[in-house]
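Read the structure below first, then the notes.
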Amino acid sequence: MPTDPAFVRAMQAVQNAIPGAEADPDRPVYHFRPPANWTNDPNGPFYFQGWHHLFYQFNPFGAQLAHQHWGHARSRDLVNWEHLPIAIWPSAELGETAIFSGGAAFAADGRPRLIYTSIGNRQPEQWLVLPKDEELFLWEKYAKNPVLSQAAHIGGPISQWRDPFMFRHDNSTYMVCGGAGANGRAQVQLYRSESGDLTQWKYLGPIFQSMDRETRNFECPNLFPLDDKWVMIVSPNRACEYWIGDLDIAAMKFLPTAHGIVDPGDAYASNISIDSKGRTILWLWGRTAALSPGQPVTHNEKAWSGVITMPRILSIGPDGYLLERPIPEFETLRGSVLEFPGQALEKPSVIDGAATDCAEIEAVFAGSGTFGLELRRSAGGKPGVVVSIQAGFQGTYLNVGNVRAYVGPAEKYKLHVFLDKRCIEVFANDGLAAVYKWVDAPAPDTGIAVFGQVAPLPKFPEGKPPAGMPDFAAPQPPRLESLKLWPMRGSTFSLDHFHV
């Protein structure tokens, strides 16, 4: 193990916080989380020699954003994890103060490399990290860092330049970084590796920029092929957005044909990996308040904050937009299924025998109006979060708490819900919409109810639709068609390798 005092101090701080984090009944049990303290962006995920490796932004010293390091874990199945020693920490002797986000790529020797944004009392730089051992437990910084600096930008510095992401195309390795151009608009900058060891890079220019004047910065850009198209995902200091289109690197053009929101909830800072099955997997930071209900957000007494959302399989749907589905490997955590019959939804109906704060739920509804699930419900009938479909004359949406995602009309609506203590992920109609949210509910509140309201007919000034608009049929009352619930066991988070 490294003997650097900075590494030893960080590891010991985490180990001291582990008992408090593990004892907290609010803490999610099957979403990935660090051993303790703070996490945010997923960094550099990749699959190598039978293991999924995940790095992540990590504060070893507390449950708030500060002291950025890279944590590290590995998994055989994307469900159960082994925590590994902290992979990258600031080198104070080299002027570093923080390790910002980045990505991973494979060099010509077939082994992975990490590239991250190095922060210090200077302009940001992109630094390379190499593996030191066969199991990839230990990493070391390239002796001649940086591999990219602002000097590469012949037109002048790129402001807020950070978060490299690498991809392969036409036998070359490319990198994109976020930031803002000289015109003050958010841009994605493109670079090409000029060496097999990924130590030399050439700046090619901006491959994409914001389509509105108000967006000043793109964080964590991802550019990758998917189903014969190319996808660009950015984190613009609001919900992550994506574009699907065609890429022409020779002409320095990315031409989008579709645009959407990745997740309108509490998810941010995407990253991408490809597994042994060829699946394109999306990773996101899942924000959590990690507070007792009623406490202000600025007050955090817990020894943890943040999770990584469940890995999502990406594809492009028949309509040309992104589909996001949960990986089926989480079925291994299911307990015995509880099945409940369909019923009319004339009033909220408590599902007897289903009270839980940790479950996978599949519910199918039909009809119009507003209908869905009340989860983490108190004895007095107050839900911690409401998951619903709003199907009416002005469109059809998935609502999770206070956020909304477009779904579109259908004969039936399937809600696939993963409830995990203080967080929830919901997938509607096989990936047409996906939402992650944190849940504000006291530990005793575990009730579940279904509900529905008939959609009111629109009101017209003369009591009938204007000329040319068809008559409206009477709305179909909402109905629960079926409901399945699986209690979920927690994932395994081994600490066997997490030591100094």
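Readers should treat all values here as calculations from the given coordinates under stated rules, not as data from a laboratory. What you see is a predicted model, and the numbers here were worked out from it, not measured in a lab. Ideal geometry is used to build each Cβ from the backbone, glycine not excepted, and the neighbour counts take in all protein chains shown.
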Under 15 Å Cα to Cα from Lys202, which aspartates and glutamates show up? Leave out anything in the same chain fewer than 8 places away. Glu125, Glu194
Full-stretch length increase - Glu331, Met1 - with 0.36 nm per residue and alpha-carbon distance subtracted: 115.2 nm
Global geometry of the stretch 87-158, whether rounded, prolate or oblate, following the gyration tensor of its Cα atoms and the 1.5 cut on a/c: oblate
If Cys177, Cys240 are placed from fewest to most neighbouring beta carbons inside 10 Å, the sequence is Cys240, Cys177
Angle between the Cα long axis of helix 5-22 and the longest principal axis of the chain, 0 to 90 degrees, nearest 10? 20 degrees
Which listed pairs, of Lys382/Lys421; Lys132/Lys277; Lys253/Lys277; Lys347/Lys382, have C-alpha distances above 19 Å, in listed order: Lys132/Lys277; Lys253/Lys277
Can you tell me which aspartates and glutamates have their Cα less than 12 Å from the Cα of Lys437? Leave out same-chain residues fewer than eight positions away. Asp263, Asp266, Asp420, Glu425
Using a ≥ b ≥ c from the Cα gyration tensor of the stretch 418-458 (square roots of the eigenvalues), is it rounded, prolate or oblate, where a/c under 1.5 gives rounded and otherwise the larger of a/b and b/c decides, a/b for prolate? oblate
Please enumerate, by chain and number, the lysines with C-alpha under 16 Å from the C-alpha of Lys484, excluding those fewer than 8 residues away in the same chain. Lys412, Lys414
Would you mind calculating the relative contact order of the chain from Cα pairs under 8 angstrom and at least 6 residues apart, reporting the percent as a whole number? 15 percent
Taking one equal scatterer on every alpha-carbon of the chain, how large is log10 of I(q)/I(0) by Debye at q = 0.06, 0.07, 0.08 1/Å? -0.29, -0.40, -0.52
If you filter the stretch 327-395 for GluC sites (Glu not before Pro), then keep DSSP loop positions with at most 14 other Cβ within 10 Å, what is left? Glu346
How large is the charge dipole for the chain, taken about the Cα centre, if only the Cβ atoms of Lys, Arg (+1) and Asp, Glu (-1) carry charge, to the nearest 20 debye? 640 debye
222 nm [θ] for the chain, helices only, -39500 (n - 2.57) per DSSP H run of 4+, per residue, to 500? -1000 deg cm²/dmol
